[in-house]
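Notes follow the structure.
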Amino acid sequence: MSTLEVGDPAPWFSVPQSAGAARVVLDELAGREVVLLFYGRSASADAEQALSAFARRGDLFGGDGATVIGLSAGSGPQLSFENRPGWHFGQDQNGDLAKRYGVDGASGPSANRCTVFVLSPALQVLAVAKGAEQIATNVLPLLEARQKHKPQAHDAPVLILPGVFDAGLCARLIDMYEAEGGREIGVVESAGKVAERFDPTFRKRLDWYISDEQTVQHCRDLLVRRLLPIIHRAFQFRTTRIERYLVGCYEAAAGGHFHAHRDNTAPPVAHRRFAVTINLNSDYEGGDLGFPEFGPRTYRAEVGSAVVFSCSLLHEVTKLTRGTRYAFLTFLYDEEAQRVRDDYTKRMAASGR
């Protein structure tokens, strides 16, 4: 077992919170620097010292700055900072996560020193510190430098293709949505469960499944003819399945937005491979696509143009500030992914759910 090194991708995890029924999910906290702290009972004093050093630096950890995740070995001791807003504390109950990070022995949860990893917005290791005494030398100067000189933002691996839907079809889909009306549809939450009633602070959008078969077939024909060949050229992925034909509506008056999330991390949607968004109108402000792991840049395609990206990417829809945004939304996958979907369906049926 070797400790993670600078440049390594940090293993994702989902662990129980130290208090309460929620979970700490690393991949959902991407998009900003993450300071990850492992500690055990004998290292609680060292962990308190490290957290105190972070708490004194509101310029680095407040607002859009770095966030903190504290992970205790087993039930672990409770630290005085566990109720601090925006910080997260979880339990590495069996020590398995510490082993995945290479934290063990003299520098591990069983020792009297904590171990700190600094992660990038894309969850790559930027620095490793052993014990609170290295916070001032290894952690804070790095965060200061990154705040003062923001790393160059890079384009997300996104495909934008114009002219997939013509203006007439876009207008017709909006008219059909307005005639039928949208509704809130359950959203997959971080714990891998589908919530029928979800938190409007996480997503505020109304959806309508296209009900006219002729229109569904027309949309499918255009996707197959105009979009799927380019996806294969760009990503070497041959689509054989289109999951749904749906129009989503974000309204500024309702606070329309979608908090940062991934589209395939929960079992019911693990089959999804690529997401497709086709803008149907342009007379709105806000409501753009963002990919926080790759920087602050946002993306907006022209009417009828498709934005295609991997379902594994963390993405968000920024808050709409004026007007109403309509978009055609779907997911693409293949036969191998269909087997994943079938396996999940069989497991649920066997369990009586």
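List of remarks:
- Some residue of the stretch 333-349 being assigned to a strand (DSSP E or B) and in the same structural domain as G181 (by the TED database): yes
- Looking at R272, R241, just one residue is touching a residue at least 12 places away in the same chain (Cβ under 8 Å) and touching a helix residue (DSSP H, G or I) at 6+ places or on another chain (Cβ under 7 Å), and that residue is R241.
- Residue within the stretch 71-91 that is among the aliphatic types (A, V, I, L, M) and at pLDDT 90 or above present: yes
- Residue count, the stretch 92-120 (criterion: at pLDDT 90 or above and either outside the structural domain of R23 (by the TED database) or in a loop (DSSP other than H, G, I, E, B) (or both)): 3
- Residue list for the stretch 283-340, restricted to those being basic (K, R) and either closer than 17 Å to N264 by Cβ or surrounded by fewer than 20 Cβ atoms within 10 Å (Cβ to Cβ) (or both): R297, R300, K319, R322, R339
- Residue that is modelled with the highest pLDDT, among those in the stretch 1-29 that are of a type in the set (S, T, Y) and in a loop (DSSP other than H, G, I, E, B): S18
- Qualifying residue in the stretch 323-332 (condition: touching a residue at least 24 places away in the same chain (Cβ under 8 Å), of a type in the set (S, T, N, Q) and assigned by the TED database to the domain that holds G248): yes
- Members of the stretch 30-85 that are surrounded by 15 or more Cβ atoms within 10 Å (Cβ to Cβ), part of a loop (DSSP other than H, G, I, E, B) and either within 23 Å of the chain's Cα centre (by Cα) or touching a residue at least 60 places away in the same chain (Cβ under 8 Å) (or both): A30, G31, R32, E33, G40, R57, G65, A66, E82, R84
The values are calculated or read from the model by the stated rules, or taken from the named source; none is laboratory data. In this text the structure is predicted, and so the values were computed from the model without any measurement. Every residue, glycine among them, receives a Cβ derived from its backbone with ideal geometry; neighbour counts consider all protein chains shown.
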